[in-house]
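In what follows, a single structure is set out as structure tokens and then discussed.
The values are calculated or read from the model by the stated rules, or taken from the named source; none is laboratory data. Model, not experiment: these values are computed from the prediction. All Cβ positions, even for glycine, are placed from backbone atoms using ideal geometry, and neighbour counts span all protein chains on display. Just the protein is used for accessible areas: all its heavy atoms, side chains included, with ligands, DNA and RNA removed. Shrake-Rupley method; radii C 1.70, N 1.55, O 1.52, S 1.80 Å.
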Amino acid sequence: MTPLLTFFFGLLLLGLFGWYFSTESDAKKRWLGAVLTILLLLFCIDSATPPGKKIRLGLDLRGGTSFLLQLVPQRDSKTGEQQQITSDMLQQAVEVIRRRVDKFGVGEPVIAPQGTERILVQIPGLDPAQIQATREQLQQVAKLEFAEVHRDSDTLIPQIDRGEAIIPPGYVIKESTQTREGKDVVERLLVKKEAGLTGEHVTRAYAFFDQNGYGVSLTLDGEGAKTFFDLTSQLAPYHGRLAILLDGKIQSAPGIRNGPIAGGQAQITGRFKEKEARDLASVLENPLRTPVTIAETRSVSPTLGADSIRSGIVSGVGGLALVMLFVLFYYRLAGCVALVGLWINIVLLFGMMAMFHFVLSLPGIAGIILTIGLSVDANVLLYERLREELKAGKSLGAAIDGAYNKAFSAIFDANATTLITAGILFWQATGPVRGFSVTLMLGIIASLFSAILFTRTAFRWMMKVGGLKRLTMADLAPRRQFNFLGRRVIAVFISLVLIGGSFAVFAKRGANNFGIDFRGGDLLVLDSLPALSVGEVRSALEPLHLTEETIQLERAGTQQMLSVRSAEDTSSRIFERIKAAFPDRKIVAAQQEKVGAQIGLEFAKRALLALGLGMVGILLYVTMRFQLSFAIGALVALLHDVIITVGVFSLVGGELSLVMVGAILTIAGYSINDTIVVFDRIREGLRHRTGGSVEVLMNRSINETLGRTILTGGMTLLSVAALFFFGGAVLKDFAFAILIGILVGTYSSVFVASPIVLWCSKLGAKRAAAGS
């Protein structure tokens, strides 16, 4: 489908959605819901099925291309001596390359220092044409300069050519190619050698299109804006020209004809195509201070390995099948509707990912697991409400309407808080954190559609056409009313002990908590005859009990080698172990050196900033929708869950990695969702106040959601447990962390978040009484 057709199709869908939610007619809602479902499914299937639009897989699932960049030392402009590459230069280059690769739109590349002067860059899914374009983009220095053109350039250059004049001191002749009346005209200009302003002051750059074609617009920082104003002030009186140079070549040389330029805005125009303008904007935002060259280009296998991917897919599908069977058994006919809704959710999610060319990787799969859990949770909320409405003696139609109306606020608020966090993560974070946020945002949109609009439309059609009169469901929820809040002091004491223990364990292990993604490690490249496979090496290394290693096949032409990235000071043991395991093969260590951290300081800062802003967003939203006491309870529960999960993971000797970042974000999303659902029922109980104290009402509300809590937690545990037991060694830590997070998150919603709300309400009542 062309972009124009996609635009009009989107307008059509938007109009149908507006009509659906504005009409009161049951028949119109029934038909509109069916049409919307069919159109969206067809659109997403069309987006995902053509070969050119298939979902791209990340480096961990598909493999990709590896570039080894070499930093090139420069000579000092004053002394002429060659400068040494420092750690600061290397780190600046790593962060610049990371931001440039993020601008490509690729998913979760590997970018890490290697040795003291090189950078390893691995990018998934590049075809030959993309490989060449990426090479050029990675190496482009993007040295931007604004330099004054001599006021008598037009008259001096002909005189210089005739030998009647010399080049003025401090100037140099440069050529500029401009298009005039459809023809390329080469113009020679006298340009000042010393630039009046450099690209270090560019804070933002983006491509634009106007009547003159594509260009790049720049925004300068405060110092740059002042310098640019001063520079143009000198040229404005005689309409002087300012040359804009990129890597020493003139891109354009506009005249300053309308007075000095204030505000720190500038534009680069020239004969740009769209991609050239976008690429230029990307590198101008991220200029390299030290040039790089590409020393090697190789193809690499997936970081997880084919065996791990296979076992992960099998276990993931198995876990999903277990969830579906349980939903079918427990909710029967309503469960069939929920399962169809779940498949629609999955089709919509993958269709949108293909449509927007997003890349799927393991952290992205974590987002999918969470969204499937949210979708199942929404159905459980609806059906448990439906059970209550039917028990109250209502007809099926009235019970369905009542269930959807009452469950809507809980579903909406739970998903809105998660969506706020995901949006802020996408805005601020990079790499795997952004990949997680993308799948989570798309998954939330898909789950809201499938759980609310589709299932309700399906019930309407079943009652109208199929003559559906009644629904039966299993009921395993406990009948006993538990005094949860009566045990709040004991529960909070247990939580404080667990939190304190988590901090103690984490502090005791220190740097051992972090894997090679955070602190770097060893790189061992092996050449062998016959060639080793990833599976063979992984099996051979099992006796060493390494906590984390990445094994990849690398190909350069006909040569095939195998690389192992592992914890610091382990490469020698790995080499000896592999030689001992395969004595009949000729194994040579082609390369053995240190490799830097994948997660640099800039990455960590942005991720922490994103999480902090996400918490502020949750605080504001929950305060607006509930009260400040609920917002405080939700945030404390979220921090409680993440801290204890990381503490338990540290206790069993796990190491934090990029994959674990995805797991921790999944836990945070599950925690806030579970807490908001409990809060919604408490809010409803407090609003209606059928009798009893605040504590009694809150206890009653928690007990009313207990069935839903057990069902949702249990089904999510089913799918993740399958990943833990059958997903293979690589996915085991990932699944283990989510398992712990689900258990702790379910506990905190009842025993941590709710008591905080109760204490805050009592404190508020005391202050109100004292004030009166």
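Quick check on my filter: what residues within the range 451-484 are assigned to a helix (DSSP H, G or I) and at pLDDT below 85? Reasoning before the result, please.
Here is the first cut: in the range 451-484, the ones assigned to a helix (DSSP H, G or I) are 451-464.
ALA451, ILE452, listed by residue number.
Being within 27 Å of GLY199 (Cβ to Cβ) and crowded, with 18+ Cβ neighbours inside 10 Å is the filter here, so list the residues in the range 142-156 that pass it.
Of everything in the range 142-156, those that are within 27 Å of GLY199 (Cβ to Cβ) and crowded, with 18+ Cβ neighbours inside 10 Å turn out to be ALA142, LYS143, LEU144, GLU145, PHE146, ALA147, GLU148, VAL149, HIS150, SER153.
Is at least one residue of the range 164-181 without any contact (Cβ under 8 Å) to a residue 40 or more places away in the chain and open to solvent by less than 30 Å² (accessible area, probe 1.4 Å)?
yes
For the range 507-537, how many residues are within 17 Å of ALA589 (Cα to Cα), assigned to a helix (DSSP H, G or I) and in contact (Cβ under 8 Å) with a residue 60 or more places away in the chain?
1
Could you list, in sequence order, the residues of the range 700-719 that are charged (D, E, K, R) and buried (at least 20 other Cβ atoms within 10 Å of the Cβ)? Let's see the steps before the verdict.
The initial filter retains those residues of the range 700-719 that are charged (D, E, K, R), namely 700, 704, 708.
The one that is charged (D, E, K, R) and buried (at least 20 other Cβ atoms within 10 Å of the Cβ): ARG708.
Applying the selection to the range 178-215, what residues are part of a strand (DSSP E or B), under 28 Å from ASP152 (Cα atoms) and modelled with pLDDT of 80 or more?
Result: VAL186, GLU187, ARG188, LEU189, LEU190, VAL191, LYS192, LEU197, THR198, GLY215.
Is it the case that PHE503 is more than 26 Å from THR116 (Cβ to Cβ) and at pLDDT 80 or above?
Considered against the rule, which asks whether it is more than 26 Å from THR116 (Cβ to Cβ) and at pLDDT 80 or above, PHE503 comes out as yes.
Given (1) modelled with pLDDT of 75 or more; (2) open to solvent by less than 60 Å² (accessible area, probe 1.4 Å), where does GLY600 come up short, assuming only one miss?
Every condition holds for GLY600 apart from (1).
Please go through the range 615-655 and give me each residue that is within 23 Å of the chain's Cα centre (by Cα) and either among the charged types (D, E, K, R) or open to solvent by 20 Å² or more (accessible area, probe 1.4 Å) (or both), ordered by number.
MET615, VAL616, LEU619, LEU620, TYR621, LEU635, LEU639, ASP641, VAL642, ILE643, VAL646, GLU655
Would you mind telling me which numbered condition in (1) within 17 Å of SER301 (Cβ to Cβ); (2) touching a Leu at 6+ places or on another chain (Cβ under 8 Å) GLU536 fails?
In the conditions (1) within 17 Å of SER301 (Cβ to Cβ); (2) touching a Leu at 6+ places or on another chain (Cβ under 8 Å), GLU536 misses (2) alone.
Limited to the range 538-567, what total is found for residues that are outside any strand (DSSP E or B), modelled with pLDDT under 80 and open to solvent by 50 Å² or more (accessible area, probe 1.4 Å)?
Of the residues in the range 538-567, 4 are outside any strand (DSSP E or B), modelled with pLDDT under 80 and open to solvent by 50 Å² or more (accessible area, probe 1.4 Å).
Go through the range 114-132 residue by residue and tally those that are in contact (Cβ under 8 Å) with a residue 24 or more places away in the chain and either within 30 Å of ILE256 (Cβ to Cβ) or outside any loop (DSSP other than H, G, I, E, B) (or both).
Here the count works out to 9.
Restricted to the range 656-674, and to residues that are open to solvent by less than 20 Å² (accessible area, probe 1.4 Å) and either on the phi > 0 side of the Ramachandran plot or among the β-branched types (Val, Ile, Thr) (or both), which residue is modelled with the highest pLDDT?
ILE672
Out of ALA295, ALA321, report the one residue that is out of contact with any His (no Cβ under 6 Å at 6 or more places or on another chain), open to solvent by 10 Å² or more (accessible area, probe 1.4 Å) and either closer than 22 Å to LEU71 by Cα or at pLDDT below 70 (or both).
Just a single option satisfies the conditions, and that option is ALA295.
Cβ-Cβ distance below 9 Å, separation of 6 or more or different chains: which pairs start in the range 558-576 with a residue that is on the phi > 0 side of the Ramachandran plot and among the charged types (D, E, K, R) and end on one that is open to solvent by 20 Å² or more (accessible area, probe 1.4 Å) and in a strand (DSSP E or B)?
Correct list of pairs: empty, since none qualify.
Can you name every residue in the range 241-260 that is in a loop (DSSP other than H, G, I, E, B) and surrounded by fewer than 19 Cβ atoms within 10 Å (Cβ to Cβ)?
If the condition is that a residue be in a loop (DSSP other than H, G, I, E, B) and surrounded by fewer than 19 Cβ atoms within 10 Å (Cβ to Cβ), then ASP247, GLY248, PRO254, ARG257, ASN258, GLY259, PRO260 are the ones that fit.
Given the options SER361, SER315, name the one that is farther than 22 Å from LEU706 by Cα, open to solvent by less than 50 Å² (accessible area, probe 1.4 Å) and touching a Phe, Trp or Tyr at 6+ places or on another chain (Cβ under 6 Å).
Criteria check complete, one pass: SER315.
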